[in-house]
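In what follows, a single structure is set out as structure tokens and then discussed.
Throughout, read-outs are computed from the coordinates displayed, never taken from laboratory work. What you see is a predicted model; the values in this text were computed from it and never measured. Positions of Cβ are backbone-derived with ideal geometry, glycine not excepted, and every protein chain shown enters the neighbour counts.
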């Protein structure tokens, strides 16, 4: 399974490193360990693989320098201040260690909106592509200094998966303080066993995930990693959760190390991949069972199948579609919310009189919709 992430089979690889691996308990950078990661990246680069790093650690590093309690996470203001200070130290460390291996580091700080807004997403994708073709190693983190509680990724696992979409990567490697997904939390249940491969994320797989961060430094947990896997799979990228607690963790994993691999889905079109990976939506269209079945077979969402409309959205905004069993699709609205409310449940023949103009073919067209 690790060979899916080798240079010969994975031209572009996203490597995410969590705070618990990068920062010691006293808040200092683990430079000796990080130097082995830089050496692994240099070896992958020499073998023809382009690597993007998604690096946590800024808040933990800044908290130490500012003397903040709870690792800088006591409040949003503390986290923002800690990130502003820690990001400088983090970027400097990466630049020095990659530079010592003959590589050029490039820093990119992203917010949720940078990847949720289609135009900004395409700009980010273009920048990533140019940096990689020039031989640079992008080092990416969430821009925690300006992110708010309402508008943020909140963890770098999902950020890594979204970066994989933007970079058109074939693989994502989440280096963690655990070596994969277990049937239960291995820190609490000695009988828990690791799952080697996941081809489909369902309720059973989600139930195994634990939302807590074992180290207390990070903001994620296994739940965020499983959600990241869903995003990566939809983008056509394999995702692995593997231990980073040894020196040269990337080389160790590729040499046959253990972990959990989430197998990629068939590659979708670029727009549908972006839709599947989004974390926010402007509203929800609730549909009846008949409409849900029709959409599952590839149909567009007609107004007649809509039951209720929630949210405030305009034409072109992303909306979610929920059936009797919950959310199952996402797409671009063909109507403003107000007009969608007016024609929900109505047949096509009635819509022109209600709207005062010729109705469009669907509330959400199948060409701009993706099943989740």
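If you average the alpha carbon positions of segment 23-38 and of segment 99-131, how far apart do those two centres end up, in angstrom?
The two parts, judged by their Cα centres, are 24 Å apart.
Pick from 275, 21, 109 the residue whose mean-square fluctuation is largest in a GNM of the chain, springs joining Cα atoms under 10 Å.
Per the Cα network of the chain with a 10 Å cutoff, 109 tops the list.
So in the chain, what percent of DSSP beta bridges are antiparallel if you round to the nearest 5?
Roughly 40 percent of the beta bridges in the chain run antiparallel, per DSSP.
Kindly state, to the nearest 0.05, the FRET efficiency for residue 92 paired with residue 65, given R0 = 22 Å and r defined as their beta-carbon distance.
0.95
Evaluate the relative contact order of the chain (contact order divided by residue number), counting alpha-carbon pairs under 8 angstrom at least 6 apart; express in whole percent.
15 percent
Rounded if a/c is under 1.5, else prolate if a/b beats b/c, else oblate: with a ≥ b ≥ c from the C-alpha gyration tensor eigenvalues square-rooted, which is segment 1-70?
It comes out prolate by the Cα gyration axes.
How many percent of DSSP beta bridges within segment 265-329 run antiparallel, rounded to 5?
65 percent
Please work out the Cα center distance from segment 60-94 to segment 312-348, rounded to the nearest Å.
41 Å
Using just the helices of the chain, give the 222 nm mean residue ellipticity in deg cm²/dmol: DSSP H runs with n ≥ 4 each add -39,500 (n - 2.57), and the total is spread over all residues, rounded to 500.
The per-residue figure over the chain is -11500 deg cm²/dmol.
Using alpha carbons only, how many degrees (0 to 90, rounded to 10) separate the axis of helix 156-167 from the longest principal axis of the chain?
Compared with the principal axis, the helix lies near 70 degrees.
Can you give the angle from 0 to 90° between the axis of helix 31-46 and the longest principal axis of the chain, with both taken from C-alpha atoms, to the nearest 10?
70 degrees
Can you tell me what share of the DSSP beta bridges in segment 281-371 is antiparallel? A percent to the nearest 5 is fine.
Just about 80 percent of them are antiparallel.
Classify segment 2-273 as rounded, prolate or oblate, taking a ≥ b ≥ c as the square roots of the eigenvalues of its Cα gyration tensor: rounded when a/c is under 1.5, otherwise prolate if a/b is larger than b/c and oblate if not.
rounded
Classify segment 261-372 as rounded, prolate or oblate from the Cα gyration tensor: take a ≥ b ≥ c as the square roots of its eigenvalues, call it rounded if a/c is under 1.5, otherwise prolate when a/b beats b/c and oblate if not.
Prolate is the answer for segment 261-372, as a/c is 1.5 or above and a/b outweighs b/c.
Can you give me the angle between helix 76-100 and the longest principal axis of the chain, using Cα atoms only, in degrees from 0 to 90, rounded to the nearest 10?
On a 0 to 90 degree scale, this one is about 60.
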